[in-house]
Amino acid sequence: MVSWMESQNMESQNSEVQNLKIQDNDFKYYMQDTGHLYFGARYSYTELMEHEMVPFKFKSIIEHYIMKDTQPDTTLESQFYYMAPEMFSYKTYGQLKAKVKVCLLVEKKSLFGNPRMVYRNKVFTLEEFVKMNLAQKKKYGVKIQEIVLSKLAMMSFSV
């Protein structure tokens, strides 16, 4: 027989596990509108290849071009965070007119002039984001949320 305290402890552990699962699925989404494709940055390339809603053309671009210098279990977040201009995937995403939506720390002055740090969302082009070195990314607490690709660029991309 399980006591009341033990059952409360088990419920607490179960809710913590559920919260971890929910947090793991944060920023794992795929959306599209008339001109762009939006990918949550926590997706790995393996998950993108298995997702049925991801366009076939993007899957073939991943398979033929991006996997040349990337491991399948790499997330979009880590791929873009550590991307360098000499990488083949940089050139591929450049052709796809990729943009990176990030959340970064900025200083904001309060009503009384006291500075405080707050997070703000910003969209960078791929070139702007890759020009930022790792020290700057860590200094500003950069968190990649989303990768945006142009549908027109994808349509004109030949596989």
Does the range 99-114 include one or more residues that are of a type in the set (D, E, K, R), within 29 Å of THR34 (Cβ to Cβ) and either at pLDDT below 95 or in contact with a Cys (Cβ under 8 Å, 6 or more places away or on another chain) (or both)?
-> no
Give me the pairs, please: first residue somewhere in the range 56-81 and free of Cβ contacts under 8 Å to residues at least 40 places away in the same chain and within 18 Å of ILE144 (Cβ to Cβ), second residue anywhere and of a type in the set (Lys, Arg) and outside any helix (DSSP H, G or I), beta-carbon distance under 6 Å, and either six or more positions apart or on two chains.
-> THR75/ARG42
Do you know which residues across the range 91-115 are open to solvent by 40 Å² or more (accessible area, probe 1.4 Å) and within 21 Å of LYS151 (Cα to Cα)?
-> LYS91, GLN95, LYS97, LYS99, LYS101
Counting only residues that are out of contact with any helix residue (DSSP H, G or I) (no Cβ under 6 Å at 6 or more places or on another chain) and among the small types (Gly, Ala, Ser), which one in the range 76-90 is least open to solvent (accessible area, probe 1.4 Å)?
-> ALA84
Of VAL100, VAL118, VAL106, the only residue that is without any contact (Cβ under 8 Å) to a residue 60 or more places away in the chain, in contact with a helix residue (DSSP H, G or I) (Cβ under 7 Å, 6 or more places away or on another chain) and part of a strand (DSSP E or B) is VAL100
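The values are calculated or read from the model by the stated rules, or taken from the named source; none is laboratory data. Computed from a predicted model, the values in this text were never measured in an experiment. Cβ: placed from backbone, ideal geometry, glycine included. Neighbour counts: every protein chain shown. Accessible surface is based on the protein model in full, side chains and every heavy atom, while ligands, DNA and RNA are left aside. Shrake-Rupley method; radii C 1.70, N 1.55, O 1.52, S 1.80 Å.
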